[in-house]
1. Modelled with pLDDT under 65 and open to solvent by less than 80 Å² (accessible area, probe 1.4 Å), is that true of P184?
2. Among the residues of segment 24-44, how many are modelled with pLDDT of 95 or more and of a type in the set (G, A, S)?
3. Of a type in the set (V, I, T), open to solvent by 30 Å² or more (accessible area, probe 1.4 Å) and farther than 20 Å from A125 by Cβ - does that describe any residue in segment 31-48?
4. Keeping to segment 142-157, report how many residues are over 23 Å from A204 (Cβ atoms) and either in a loop (DSSP other than H, G, I, E, B) or touching a residue at least 60 places away in the same chain (Cβ under 8 Å) (or both).
5. Looking at segment 158-168, which of its residues are buried (at least 24 other Cβ atoms within 10 Å of the Cβ) and not in a strand (DSSP E or B)?
6. Kindly evaluate L175 against the criterion of being over 14 Å from the mean Cα position of the chain (by Cα), more than 17 Å from I70 (Cβ to Cβ), open to solvent by 60 Å² or more (accessible area, probe 1.4 Å) and modelled with pLDDT of 65 or more.
Amino acid sequence: VGGVAGNGPNTLNIIFANNVFVGTGVGLHFEEGARGVVIEGNTISRTDTAIECISNLVGGATETPSDFVISNNKLRQEGTPVRDTTSGSLRGISFVVDGDNITSVRHYTVTGNLIAGYHYGITMAEENQGIVTNNYIESCTLAGIRPFNASANTYNNFFNDCAAAVQSVTRGGMLGKCTIRHDPATQVLMTISSGQSCGIHEVALLAYGRH
């Protein structure tokens, strides 16, 4: 429905604030040289990914979006999903291109968002160059967050009723403290790739029906 692509003065220092996006398709799409973007206080209720960033070629050189602030948005998948329920490509905030781990945004802060109803709440790529904190992520069918590298800059997030809080950490590392409300019989806290070690610092678990 909206976004920024290209490289030049028209792709710098742009604010999307206090809007409501409903309907079909991706909510906000950014690629190439988009920089200095603020996405704040929006409600995005669409059938596809809410916010996505991708790198792309411009004049033979790869350009990557950078310097993003994504805060205090309500992102919820609504209606019939445009993608199947197992592909993992339906995301609240996507910083990775489908099928690879190429970094698709550099230097970002993601904070205070409510994200619900996607395959993944937030996906991050190989170069985790940002801060992800104080987000409420619920009802995600695969995981709340899917990082490539675990990072202590991902912390203080609350996960509710997601199949897993954190999934597919390909390289080892440490995730910051978080709170997970879960069903201990059916839900996973974290999955990692074979041969890697990872941990979550200061986990608070709130099992259903218990205090």
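The values are calculated or read from the model by the stated rules, or taken from the named source; none is laboratory data. From a predicted model like this one, the values you see are computed outputs, not experimental measurements. Here the Cβ is made from the backbone with ideal geometry for all residues, glycine too, and neighbour counts use every protein chain on show. Heads up: the accessible areas ignore ligands, DNA and RNA and are worked out on the full protein's heavy atoms, side chains in. Shrake-Rupley method; radii C 1.70, N 1.55, O 1.52, S 1.80 Å.
1. The answer is yes for P184.
2. 1
3. Yes - at least one qualifying residue is present in segment 31-48.
4. 1
5. Hit for segment 158-168 is C162, nothing else.
6. No, not satisfied.
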